[in-house]
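Okay, so here's the structure we're looking at.
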């Protein structure tokens, strides 16, 4: 069954980037990116404009994701050098989800990437996103406010965090919302602590008194 999952690295004090949107604190943790199998189960991706621009700035080769990718933005953004397309709410030319779970995540696709710029509420595009997953997971890549928008609409199922042994003091928050969560699983992959939580809903204390 398809899940909508916010999957991200974070610092111990709950930031996903420093105030300048730098991830140097994360990139120095390990030479090889950890692999827990999550990417293989992804059928579509959604990210905000800041995350998209960070990916573009740090590309070392072709667009790394084979699955349909939504970029939620009110701005006109460019495409990777290998892509073609135009306009908000328009997707680039490229392959649709081919139903092959082994090809779901990273891996240099030969064809143009399927990147779809979208504006408005995440709920306006949610059905299309879920349809594109082919019963695999929808990965909310970031940032935290975008994940919060899914939570606001009751559309966020789980949060998976890789917590690095770093304290930034300030930066871009992991989740600028007040939510109750249920711990489903916890583990470690040196130097990270990995936790998977189910999103229950708004913080109980914020519920109107009956």
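Any read-out appearing in this document is the output of simple, stated calculations on the displayed coordinates, not a laboratory observation. All values derive from a computational prediction rather than experimental measurement. FYI the Cβ positions are ideal-geometry reconstructions off the backbone, even for glycines, and counts take in every protein chain you see.
Computed quantities for the displayed model
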{"quantity": "Choice from 112, 147, 44 with maximal GNM fluctuation in the chain (Cα, 10 Å cutoff)", "calculated": "112"}
{"quantity": "Spin-label pair residue 50/residue 167, simplified geometry with 7 Å Cα→Cβ offset, distance in nm", "calculated": "2.3"}
{"quantity": "Measure of compaction for the chain (Cα Rg per 2.2 N^0.38 Å)", "calculated": "1.00"}
{"quantity": "Packing-based ranking, highest mean first, of 168-176, 53-61, 156-164 given that Cβ atoms within 10 Å are counted", "calculated": "156-164, 168-176, 53-61"}
{"quantity": "Fraction of antiparallel bridges per DSSP, the chain only, in percent to nearest 5", "calculated": "45"}
{"quantity": "Most mobile of 30, 131, 51 in a GNM of the chain (Cα contacts under 10 Å)", "calculated": "30"}
{"quantity": "Reference-scaled alpha-carbon Rg (2.2 N^0.38 Å with N residues) for the range 102-191", "calculated": "1.29"}
{"quantity": "Computed over the range 1-59, Cα set: Rg, Dmax in Å", "calculated": "12.9, 37"}
{"quantity": "Residues 39, 45, 200, sorted so that the one with the fewest Cβ neighbours within 10 Å comes first", "calculated": "200, 39, 45"}
